[in-house]
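Undergrad: Got a structure for you, questions after.
The values are calculated or read from the model by the stated rules, or taken from the named source; none is laboratory data. Being a predicted model, the structure only gives us computed values, none of them experimental. No Cβ is skipped: glycine too gets one built from the backbone with ideal geometry, and neighbour counts run over all protein chains shown. Side chains included, ligands, DNA and RNA excluded: accessible areas come from the protein's heavy atoms. Shrake-Rupley method; radii C 1.70, N 1.55, O 1.52, S 1.80 Å.
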Amino acid sequence: MQRLNTILAPIWTEAYRNQTDADRQTHQERLMALHEEARNTPLQAIPAALHEAGEAQVRTVSPDTIARLEQGRSLALATRRLLPRGPANQRLAMTGSRGTNWLNVGGIRKITLPGSAHQQSTAAIGVLGNAGQCSEHTAVAFALAAALDLPVEVVVNDDDHQVLLLSPEQGQNAVVVDAWTTFPSSCLKADSAFTDAVVQQRHQPGTIAPPSTFNLVTIDTVRAALEEQLGEMPIERARLVDFLAEYRDVQGDRGLEGQAANAAPHVNAVYTEAANTIATVAKCTYKVGSMDLRIRQEVVGIASQRTTVTVSDLRKAANLAAHTSPRRQAIKEANWRDTLTIASGERVRVEVAMRVKALPLLRDIRLPSKNILYRADDGSEFSTTRAPQDLIDSAAAAVEEAQRMNFPAGFVQSPASIVATTLESMEQQRGLPTTSAMLATQNQRLSTIEIQLSQLSANERDDTLVRFSTLLPDLPAALMAKAAGIWKPLWKGAIPGAAQTSATRAVLAGWARHFTDPVIEPILRKALGMRGQPLRLVGSVARQVLSMQDAPAQRQALALIDQQLPAIAAGAQRDALLAELATRVAQITHLQVRAEALSMLRRHNWQA
């Protein structure tokens, strides 16, 4: 994605710098035409087996409400026309696109645009990539509604789901517009499965919208320029390059561009990632002992910093619980309270209620409501279970594909499988250049292993220990402390025997290789339990380092032995250690180093 973003930035900047009033007028006209086309699209009844919304429930409403519902569905359908590849984290959109949709939105989420407000760039990027999750769909629907000067709000709930609310002043009779569901539609707020939410953005009729990056003409210009330089489907291909580097058996960047030309061979790997991705949503509620807005803001800022670690721990706990739950969902909560001293010296009481919800990122939501048939006295009707025939046909085909592939159930991994796959991915990056992207990826993989370890059986933990031990010494120095912190309790909890012995040998060998590294050596020494254990430390140095024909490492080892020997009490153990040291010293091939070693031993009263 780095290459795509590098190419995209100047293209985007130039396209918007050259945008004309005619482009803005054309954009407005295209939006109007899209909405009109959506409004006039023939609709068919969705088969019950497809919509899964049950028997129809009849609601009596006013003709104005029917008109608003139709307006909402037109917005939803027009949005889908602008995002034709649909919602990437919907089960049927995944199988309907054979996983390419998931890759495409993975790329969309890594795009950065210069000089864009969040919601504006979300809509523009979504249309550029022809797809999105709920936020991209809602952002585009909002842009459409604002262009039509309709009263709308973007609202987000505790499940991190966003929808558009049309005519929010109507309360429970406001219209929920959800273009992200398998069948884009609308319903009354009273009938929506969408829970209470926070308003994120609002448009009131008659207000002047701020400058926006969302312009269909400019987006087309940008897309054409990108395709000219990067070929067709540039976002999907760029994301597939990253995906292959992260998850497939490749070395560095060699051959990635060629392999990324077609996602089809990698569909099982994409399905596996989608089926196992758990999203966590954190919500913090603050109760501050002051009504002063300035004080409240300062206190909330301090409290949010103080609770960062707790929220992070809750995310990990919720993620683990969701992975092992039959419904793959979990909620973890915690409370924190304190009296804080703010800049003015005033002490203010604060309480924070922290709540983290974990749930699958992949969903299967066919409609924004149950099967509702709205009827008005003038004979007009609105059914939530009607859609264009092309959407019905594509959903039916996607259901067949999902059943054939047993997706996602057949791709959900056990904790042992997740750990094994993660370790394999980490091993494939062993020895590659250390970049910030690689460090971030490997750090995330370490977190995945840490989360899953408690769910492994004793034998699975032993297998993991042996494999992790061979990998540990080769990890970048920046990750060594975290990795060693995972390895140590894993080693302690292992069944005494071959696994522990093999793991110790692997890490000892790695420790010896890094003996002159001022960062890695102390971390591995601590992990091996040699800190404060001079007898064991000297013995390990003798066996692991002196036997290496590496003069600098041997000299450093001799300095450490010289430092540690006085802490070893006289007796049989010390005598045996000195004898072993003498044997190891005799095997040193570098004459000057051997002479230095013999001199050091004599200082400690060793006699041949």
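Undergrad: Look through the stretch 334-373, keep the residues that are outside any strand (DSSP E or B) and touching a Phe, Trp or Tyr at 6+ places or on another chain (Cβ under 9 Å), and return whichever of them is surrounded by the most Cβ atoms within 10 Å (Cβ to Cβ).
TA: Pro368
Undergrad: Considering (1) polar (S, T, N, Q); (2) open to solvent by 60 Å² or more (accessible area, probe 1.4 Å); (3) within 30 Å of Gln500 (Cβ to Cβ); (4) in contact (Cβ under 8 Å) with a residue 12 or more places away in the chain, say which one Thr589 fails and leave the rest.
TA: (3)
Undergrad: Follow-up question, since we're still on this one. Among the listed residues Ser325, Ser312, which satisfies the condition of being modelled with pLDDT of 90 or more and among the polar types (S, T, N, Q)?
TA: Only one candidate passes the filter, namely Ser312.
Undergrad: Separate question: Which numbered condition trips up Leu432, out of (1) under 30 Å from Ala551 (Cβ atoms); (2) part of a helix (DSSP H, G or I); (3) aliphatic (A, V, I, L, M); (4) touching a residue at least 60 places away in the same chain (Cβ under 8 Å)?
TA: Of (1) under 30 Å from Ala551 (Cβ atoms); (2) part of a helix (DSSP H, G or I); (3) aliphatic (A, V, I, L, M); (4) touching a residue at least 60 places away in the same chain (Cβ under 8 Å), only one is false for Leu432: (2).
Undergrad: For the stretch 64-115, enumerate the residues that are among the aliphatic types (A, V, I, L, M), part of a loop (DSSP other than H, G, I, E, B) and open to solvent by less than 10 Å² (accessible area, probe 1.4 Å).
TA: Here is the first cut: in the stretch 64-115, the ones among the aliphatic types (A, V, I, L, M) are 66-67, 69, 75-78, 82-83, 88, 92-94, 103, 105, 108, 111, 113.
Next, only the ones that are part of a loop (DSSP other than H, G, I, E, B) stay: 83, 88, 111, 113.
Answer for the stretch 64-115, where residues must be among the aliphatic types (A, V, I, L, M), part of a loop (DSSP other than H, G, I, E, B) and open to solvent by less than 10 Å² (accessible area, probe 1.4 Å): Leu83, Ala88.
Undergrad: How about the stretch 492-508: which of its residues are closer than 13 Å to Leu524 by Cα and open to solvent by 40 Å² or more (accessible area, probe 1.4 Å)?
TA: Arg505
Undergrad: Which one is modelled with the lowest pLDDT among residues in the stretch 1-33 that are of a type in the set (D, E, K, R) and under 34 Å from the mean Cα position of the chain (by Cα)?
TA: Arg3
Undergrad: Just wondering, is there one or more residues in the stretch 540-552 that are charged (D, E, K, R) and outside any helix (DSSP H, G or I)? I'd like the intermediate steps shown before the answer.
TA: So in the stretch 540-552, the residues charged (D, E, K, R) come out as 543, 550.
So of that shortlist, the ones also outside any helix (DSSP H, G or I) come out as 550.
Yes, because at least one residue in the stretch 540-552 is charged (D, E, K, R) and outside any helix (DSSP H, G or I).
Undergrad: Applying the selection to the stretch 435-463, what residues are in a loop (DSSP other than H, G, I, E, B) and of a type in the set (Val, Ile, Thr)? Explain how you work it out, then say what you get.
TA: Narrowing the stretch 435-463 to residues in a loop (DSSP other than H, G, I, E, B): 435, 456-457.
Hit for the stretch 435-463 is Thr435, nothing else.
Undergrad: Filter the stretch 374-390 down to residues that are open to solvent by 30 Å² or more (accessible area, probe 1.4 Å) and out of contact with any Phe, Trp or Tyr (no Cβ under 7 Å at 6 or more places or on another chain) and give me whichever is nearest to Arg39 (Cα to Cα).
TA: Only one residue tops the list, namely Arg386.
Undergrad: A further question follows. Being polar (S, T, N, Q) and loosely packed, with under 15 Cβ neighbours inside 10 Å is the filter here, so list the residues in the stretch 158-174 that pass it.
TA: Across the stretch 158-174, the qualifying residue is only Gln172.
Undergrad: Now for a separate question. What residue, among those in the stretch 116-140 that are assigned to a loop (DSSP other than H, G, I, E, B) and modelled with pLDDT of 85 or more, is least open to solvent (accessible area, probe 1.4 Å)?
TA: Step one: filter the stretch 116-140 for residues assigned to a loop (DSSP other than H, G, I, E, B), giving 116-117, 130-131, 133.
Now narrow it down to the ones that are modelled with pLDDT of 85 or more: 130-131, 133.
Values: Asn130: 44, Ala131: 0, Gln133: 26 Å².
If we take residues in the stretch 116-140 being assigned to a loop (DSSP other than H, G, I, E, B) and modelled with pLDDT of 85 or more, then Ala131 is least open to solvent (accessible area, probe 1.4 Å).
Undergrad: May I pose another question? Evaluate the following for Glu36: is it within 33 Å of the chain's Cα centre (by Cα) and without any contact (Cβ under 8 Å) to a residue 40 or more places away in the chain?
TA: no
Undergrad: Sticking with this one: Could you please let me know if His51 is within 28 Å of Gln403 (Cβ to Cβ) and out of contact with any Gly (no Cβ under 8 Å at 6 or more places or on another chain)?
TA: Yes: the conditions hold for His51.
Undergrad: Thr470 - would you say it is within 24 Å of the chain's Cα centre (by Cα), surrounded by 16 or more Cβ atoms within 10 Å (Cβ to Cβ) and either among the hydroxyl-bearing types (Ser, Thr, Tyr) or part of a loop (DSSP other than H, G, I, E, B) (or both)?
TA: Against the criterion (within 24 Å of the chain's Cα centre (by Cα), surrounded by 16 or more Cβ atoms within 10 Å (Cβ to Cβ) and either among the hydroxyl-bearing types (Ser, Thr, Tyr) or part of a loop (DSSP other than H, G, I, E, B) (or both)), Thr470 does not qualify.
Undergrad: Here is a follow-up. May I ask you to list the residues in the stretch 473-488 that are in contact with a Leu (Cβ under 8 Å, 6 or more places away or on another chain) and in a helix (DSSP H, G or I)?
TA: Pro473, Ala478, Leu479, Met480, Lys482, Ala483, Ala484, Ile486, Trp487
Undergrad: As an exercise: evaluate Ser186 against (1) modelled with pLDDT of 90 or more; (2) open to solvent by less than 50 Å² (accessible area, probe 1.4 Å); (3) farther than 30 Å from Asn371 by Cβ; (4) not aliphatic (A, V, I, L, M) and give the number of the one condition it does not meet.
TA: Answer for Ser186: the failing condition is (3).
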